[in-house]
Amino acid sequence: MSTTTDTARLHQRVAAADWTQLAEELDTYGCALTPRLLTPAQCARVAGLYERDEQFRSTIDMARHRFGSGQYRYFTHDLPEPVAELRAALYPRLLTIARDWAERLGRPAPWPDSLEKWLTMCHEAGQERSAQILLRYGPGDWNALHRDVFGDMVFPLQVVIGLDAYGTDYTGGEFLLVEQRPRAQSRGTTTVLQQGHGLIFTTRDRPVATKRGWSAGVMRHGVSTVRSGRRHALGLVFHDAT
């Protein structure tokens with residue numbers, strides 16, 4: 001169980017990140033690594049939730065749906081700590097970046113200051129199901145390139161947090177981000193997700209400077225093949241699903 005002290009420390013870790021630098025990296029690459037947000041003990045507790053059926057609304061076998069290979073589970077709305085606290089702490093930090101991106105792309109910025117109000121808007125639009133996920137990969141598992149867009153209500157940034165130690169608990173399984181560039185070959189980025197660290201990345205696209213102004217660089221994400229061990233990750237999405 002998380003304590004009040006644990007929660008305060010989690011919020012402090014999020015606040016202590018260099019958000020100016022993170023915004024610059026997101027502008028450049030479409031993704032940015034945070035400092036450690038969860039301790040190894042917290043990572044182990046979250047990964048251990050995978051066996052608790054009551055925490056989840058559904059389980060997805062990726063091979064069955066041709067999404068890749070591996071498995072993930074959608075949490076219910078009754079999110080455990082520190083999942084709920086992480087989401088609450090990250091939303092206002094990401095909101096500033098989301099609004100800046102929307103302005104550059106000439107898009108509406110419908111996201112209110114409050115995460116609760118934004119989720120209410122999602123539910124009113126028919127996106128009522130929790131989209132927070134806990135992923136588990138074993139040897140040979142991988143995740144196909146995709147975007148987590150579940151309807152018209154979309155928050156443009158999301159976060160994945162590594163729960164196992166790269167190189168010790170597993171090898172392979174790097175995070176993949178591929179950008180489709182206009183009139184050019186696609187560009188790929190790989191990131192090793194260290195235990196307890198978060199990777200912020202774009203949900204569907206990012207602003208790209210062109211001679212005519214800003215355009216949307218379409219991006220998809222996935223996971224490379226896990227070579228050994230077991231890889232768990234926590235996915236935080238800031239809109240709900242249909």
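Descriptive notes on the structure:
- Mean Cβ neighbour count within 10 Å, used as a protection proxy, ranking 71-77, 185-191 highest first: 71-77, 185-191
- Highest mean first, the peptides 161-173, 210-222 sorted by other C-beta atoms within 10 Å per residue fall in the order 161-173, 210-222.
- For the residues 65, 146, 197, a GNM of the chain with alpha-carbon springs under 10 Å puts the largest fluctuation on 65.
- Residue 35 sits among other residues whose Cβ lies under 15 Å from its own Cβ, and their net charge, with Lys and Arg +1 and Asp and Glu -1, is +2.
- Filtered trypsin sites (Lys or Arg not before Pro), segment 77-117: DSSP coil and at most 16 other beta carbons within 10 Å: none
- Between residue 168 and residue 186, the simple spin-label model (points 7 angstrom out along Cα→Cβ) gives 3.4 nm.
- Among 26, 193, 49: highest mean-square fluctuation, GNM of the chain, C-alpha pairs under 10 Å: 49
- Translational diffusion coefficient of segment 49-89 (Stokes-Einstein, Kirkwood radius from Cα pairs, 4 °C, 1.567 mPa s): 114 µm²/s.
- Between segment 35-53 and segment 183-242, the alpha-carbon center distance in angstrom: 22
- The value of relative contact order for segment 1-86, using C-alpha pairs under 8 Å at least six residues apart, is 29 percent.
- Proximal charge balance of residue 44 [Cβ under 13 Å; K/R count +1, D/E count -1]: -1
- Extended-chain gain in nm, criterion 0.36 nm per residue less alpha-carbon gap, residue 125 and residue 194: 21.2 nm
- Considered as an equivalent ellipsoid built on the Cα gyration tensor, the chain has semi-axes of 26, 22, 18 Å, the largest given first.
- Note on segment 158-211: percent of Cα-Cα distances in each 5 Å bin, starting at 0 and stopping at the bin with the largest distance, equals 4, 15, 24, 20, 14, 11, 7, 4, 1, 0.
- Take every pair of alpha-carbon atoms less than 8 Å apart whose residues are at least six positions apart; their mean separation over the length of segment 41-172 yields a relative contact order of 33 percent.
Every read-out reported here was derived from the displayed coordinates using simple, explicitly stated rules and does not represent laboratory data. Not measured: the values here are computed from a predicted model. Cβ coordinates were reconstructed from backbone atoms using ideal geometry, including for glycine residues, and neighbour counts include every protein chain displayed.
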